[in-house]
Amino acid sequence: MSLAIKDDEVDIVIGALRSDLTTFMNEWRPMFSRFHLIIVKDPDLKEELKIPEGFNLDVYGKPDIDQVVGSSTSILFSGYSCRYFGYLVSRKKYIISVDDDCLPARDPKGFLVDAVAQHISNLTNPATPFFFNTLYDPYAEGADFVRGYPFSLRGGVKCALSCGLWLNLADHDAPTQALKARQRNSRYVDAVMTVPAGSLIPISGINIAFEREAVGPALVPALKLAGEGKCRWETMEDIWSGLCVKVVCDHLGLGVKTGLPYIWRTDRGDPIASLKKEWEGVKLMEEVIPFFQSVRLPREATTVEECIVEVANAVKERLGSMDPVFARAAKAMLDWIKLWQSVGSSSSRSSAV
């Protein structure tokens, strides 16, 4: 698959929660080697990173984070949230982010899946959030719009976010994974679809790509669980971020796609042990989803930053008294927007060490 963009328009952001990235980097070398990489080391990780040679990359650690955003704010970037610092300091048009426990997948014919190329294809082709096409992505090779699809909507809208999927270990929550400990996902569905406007989606940060200027500020590291750990099913930060970005995309008329590309997710962690940490998040979702389903942004909110400020204020007003985690999330969202405006905007500069 050829890319309809230049190599220097892409940053690949990797949050490093493990010190030895040798296997991860070498497995991804065929897809990553032509692009610039931003590796952000989890501030809680004490060991030095092991990174093979042959990549164009910048590495950021805790001292860099503290220098750029200040030590009082750097708590936003611990654990899986360290990747968001990469989103902040990138200046590229497109960002692709993959967890460090994931490897390239193979399709049913045994060919290596180029996740980078597929994500870019998803982002550079329009999305169709206002009318569902039953043949999925009408812009894919060999596909088209079905009979009855309005011609006035066939031009689509900008796709701002691409959400890939996972083979082997699917992104279940801890209760599901504990109950189905041996279950692995082997279903490779060769399809991409636009998530309809008005429908929420549990966006996983494991395998995503987005247009930075279009929605970067909406990908916010805000919801931190009291017992948050270092396994995906012990966190909810990406789910909260995904709900924010979907509400913003719906308001601004942007598209979100899900489906291809797949990655191969390796086994990691103990879901039974993690259940105690994530159970708080599982319960919170019962309050969070109705809130996001009902939130309405004012017409005057015309930028991503303005939209997130409105959502943050609504979180504080409607959820803040229910649980301290929501009040903290609202504050973190406002802090993030201030950071994005001072550090993350295209006119500001920062450097890696």
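The values are calculated or read from the model by the stated rules, or taken from the named source; none is laboratory data. Note that the structure is predicted; figures quoted are calculated from it, not measured. FYI the Cβ positions are ideal-geometry reconstructions off the backbone, even for glycines, and counts take in every protein chain you see. The protein model used for the area step is the full one, side chains on, heavy atoms only, and it has no ligands, DNA or RNA in it. Shrake-Rupley method; radii C 1.70, N 1.55, O 1.52, S 1.80 Å.
Among the residues of region 204-215, are any charged (D, E, K, R), out of contact with any Cys (no Cβ under 9 Å at 6 or more places or on another chain) and either surrounded by fewer than 23 Cβ atoms within 10 Å (Cβ to Cβ) or touching a residue at least 12 places away in the same chain (Cβ under 8 Å) (or both)? Looking through region 204-215, at least one residue is charged (D, E, K, R), out of contact with any Cys (no Cβ under 9 Å at 6 or more places or on another chain) and either surrounded by fewer than 23 Cβ atoms within 10 Å (Cβ to Cβ) or touching a residue at least 12 places away in the same chain (Cβ under 8 Å) (or both).
Among residues of region 27-43 that are farther than 16 Å from LEU103 by Cβ and modelled with pLDDT of 95 or more, those with a Cβ under 7 angstrom from a residue that is basic (Lys, Arg) and crowded, with 23+ Cβ neighbours inside 10 Å, sequence gap 6+ or separate chain, pair up as VAL40/ARG83. Got a sec? Which of ASP144, ASP137, ASP100 is open to solvent by 40 Å² or more (accessible area, probe 1.4 Å) and not in a helix (DSSP H, G or I)? Step by step, each of ASP144, ASP137, ASP100 is checked, and only ASP144 is open to solvent by 40 Å² or more (accessible area, probe 1.4 Å) and not in a helix (DSSP H, G or I). Contact annotation: residue pairs with Cβ atoms under 9 Å, 6 or more positions apart or on different chains, pairing a residue in region 279-307 that is free of Cβ contacts under 8 Å to residues at least 12 places away in the same chain and under 17 Å from GLY320 (Cβ atoms) with a partner that is open to solvent by 80 Å² or more (accessible area, probe 1.4 Å) and of a type outside the set (Asp, Glu), are SER294/ARG318. Among residues of region 171-194 that are open to solvent by 50 Å² or more (accessible area, probe 1.4 Å), those with a Cβ under 7 angstrom from a residue that is polar (S, T, N, Q), sequence gap 6+ or separate chain, pair up as ARG184/ASN168; MET193/THR258. Every residue in region 8-46 that is of a type in the set (D, E, K, R) and touching a strand residue (DSSP E or B) at 6+ places or on another chain (Cβ under 8 Å), please. Correct list: ASP8, GLU9, ASP11, ASP20, GLU27, LYS41, ASP42. None of ILE120, ILE14 is of a type in the set (Val, Ile, Thr), within 24 Å of LEU169 (Cβ to Cβ), modelled with pLDDT of 95 or more and open to solvent by less than 10 Å² (accessible area, probe 1.4 Å) except ILE14.
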